[in-house]
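Presented below is the structure to which this report refers.
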Amino acid sequence: RSGGRPGPAPTPSRGSGSLGAGRVLAIGDGGNDVAMLQRAHVGVGLEGREGLQAARAADFSLGAFRLLPRLLLVHGRLAARRTAFIVHYCIYKSFIICLLQLAFAAASGFSGASLLDSFCIMAYNVFFTGFPVMASALDQDLPADALAAHPALYADVAHSEVLLLSSRSLCAWIGRAAFQALLLIVVPSCAFGGGFPLGGAAASDADQPMVALTAYTALILVQNLTILLEASHVTRLNALVVVGSLGAFMLMMGAVGNVSANASYGVLARLLVDPRYWLCVVLLVVGCLAPVVACKMAALHFVPPATLTLSERMALKLSSRGSGAEAGGAEPLPLFGSGRRMARRAKKDF
């Protein structure tokens, strides 16, 4: 500013145009940095000699500046992937059961009848699909040391429209739900001749519970297998939770089917001895998941992610340790100095 006394520098505000189109991360360790930390998109406070004012006002608190790379490259990347998947999956599993109900309502002339009873709708989110989602929150595609030593992996996820929340990824999950819901309502209707027009003119109302339970069984299987299919690594926890959810489904549906006041009384016992039930369940599971597997294989072949190359390099390096040979190109990229040294120090501090 020419002439006169220079005025105070403008303070950037959260989400304002002065912060630019991206996201601003502010780092401070004193009381004079509180306003900056609160107005930035992400504030990181350091616990230092100037007190804890910055650490208390920030979104994240660190004991030393050298822990920042691990916060961004490890915890930030994993949190972004996990949050995006949970949001996508929750929208997907809610859409598919809503579309099932909507398709049945349209086929029955919007008479007010429901394809699934109240117990099935309640247990769907609470018992049969809720716990697998919680287990998926611990999914990790690569070890923490590898993520800290290869900063390029953070950029690979940050610029991905498939791994993170975007209109493209959301439309893909909604399209998957619509396709699977169509299969789940049409195939059992044609097999059992349910009590609505999709089953044919000669359908009887007594077959509606059989159609509903067949579609519901395939739906629970598809939802739990989707958790395993989308996981980077199938751990014991994932497998245990999925098996437990399927076991709870069989036990609860069997118990509900023995209650005479329930609309599905005796339906499961009849379905278990009906070959059409098992054939429909197998066809529905294969039909719902086969296109997803095919799309994943095609994407893996034509657009391989950076993590695939790193996994191959790490496997090659581990296999060559026994012979003493060095794996070409397997050295980690530097991370604010020596990548290995920083990864070891970050691991010790955390």
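Details
- Among MET250, MET297, the order of accessible area from largest down is MET297, MET250, computed with a 1.4 Å probe on protein heavy atoms.
- Full extension of the chain between HIS301 and HIS233 yields a length gain of 22.6 nm, computed as 0.36 nm times the residue separation minus the alpha carbon distance.
- Only protein heavy atoms count here; under a 1.4 Å probe, LEU283 has an accessible surface of about 100 Å².
- Unit charges at the beta carbon, dipole of the stretch 42-143: most positive-side option, GLY76, VAL87, PHE65: PHE65
- Listed residues THR83, THR217 arranged by accessible area, highest first, probe 1.4 Å: THR83, THR217
- Distant-in-sequence amide contacts of ASP29, defined by a placed amide H-H separation under 5 Å and a gap of 5 or more residues or a different chain, comprise LEU46.
- Most to least accessible of TYR265, TYR277 (protein chains only, probe 1.4 Å): TYR265, TYR277
The values are calculated or read from the model by the stated rules, or taken from the named source; none is laboratory data. These numbers come from a predicted model, not from an experiment. Glycine also receives a Cβ, built like all others from the backbone with ideal geometry; neighbour counts cover every protein chain displayed. The area values use the complete protein model at the heavy-atom level, side chains included, leaving out ligands, DNA and RNA. Shrake-Rupley method; radii C 1.70, N 1.55, O 1.52, S 1.80 Å.
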